[in-house]
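Student: Just passing along the structure, written as structure tokens.
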Amino acid sequence: KLYHGKIQKYFVKEKLYHVVFEDSDSEDMDEDEVALYSEGITPKEEDNKKKTSKKKKFDPSRKFRRSAPSFILFCVVPYMIQIILFGNLNNFVFMFVRNSIHRSIRIHELFDHDSHLEAIANDSAQSPDDLGSAMDTVVSNSYD
């Protein structure tokens, strides 16, 4: 069944007509295809006409190929930039917080009280490195 369609737009550069059919389907056609459908030629006559004249074959992937670069440019590239940017920013913030807590334990908690230094000297307490490493583990587990 042949549907009637209306030409909605003409692409000058590609020399294509954007045709919208009665069944809400749309297709980009060249001048020969538009002429074929506007004349109301039956499929049998179309076959005879194809044999007599050399005509370009219809390429069903043309619409996809025309829209793929714009999709990549406007959707894929910004998404990739966003993932890379926010992934690196997130990693930077995590390392900053982890190192700040580690530094706080090593410097401030150790030197604020003299009793901590005495406990370390007597081997009755853990070293600042052990406490910092334990805190790194806690921060990593809570982050994940």
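Student: As an exercise, use a Förster radius of 41 Å and the Cβ-Cβ distance of Ser26 and Leu85 to find the FRET efficiency, rounded to the nearest 0.05. If you can, show how the numbers build up before the last one.
Tutor: On the way: r = 37 Å, r/R0 = 0.91.
Calculated transfer efficiency: 0.65.
Student: Going by amide H atoms built from the backbone, whose H comes under 5 Å of the H on Asp30, apart from near neighbours?
Tutor: Placed amide hydrogens put Tyr17 under 5 Å from Asp30.
Student: Between Asp130 and His4, what is 0.36 nm times their sequence separation minus the Cα-Cα distance? Round to one decimal in nm.
Tutor: Fully extending the segment from Asp130 to His4 adds 37.4 nm.
Student: Now for a separate question. How charged is the neighbourhood of Lys15? Take every other residue with its Cβ under 9 Å from the Cβ of Lys15, and add Lys/Arg as +1 and Asp/Glu as -1. Display every interim value, and only then the final one.
Tutor: On the way: positive: Lys13; negative: Glu14, Asp30, Glu31.
Result for the local shell: -2.
Student: Please compute the modelled spin-label separation between Ser100 and Glu14, points set 7 Å along Cα→Cβ, answer in nm with one decimal.
Tutor: Computed distance between label sites Glu14 and Ser100 equals 5.2 nm.
Every number here is computed from the coordinates shown, using simple stated rules; none is lab data. Keep in mind that this is a model prediction, so the values were computed, not measured. Don't worry about glycine lacking a Cβ; one is built from the backbone with ideal geometry, like all the others, and counts go over all protein chains shown.
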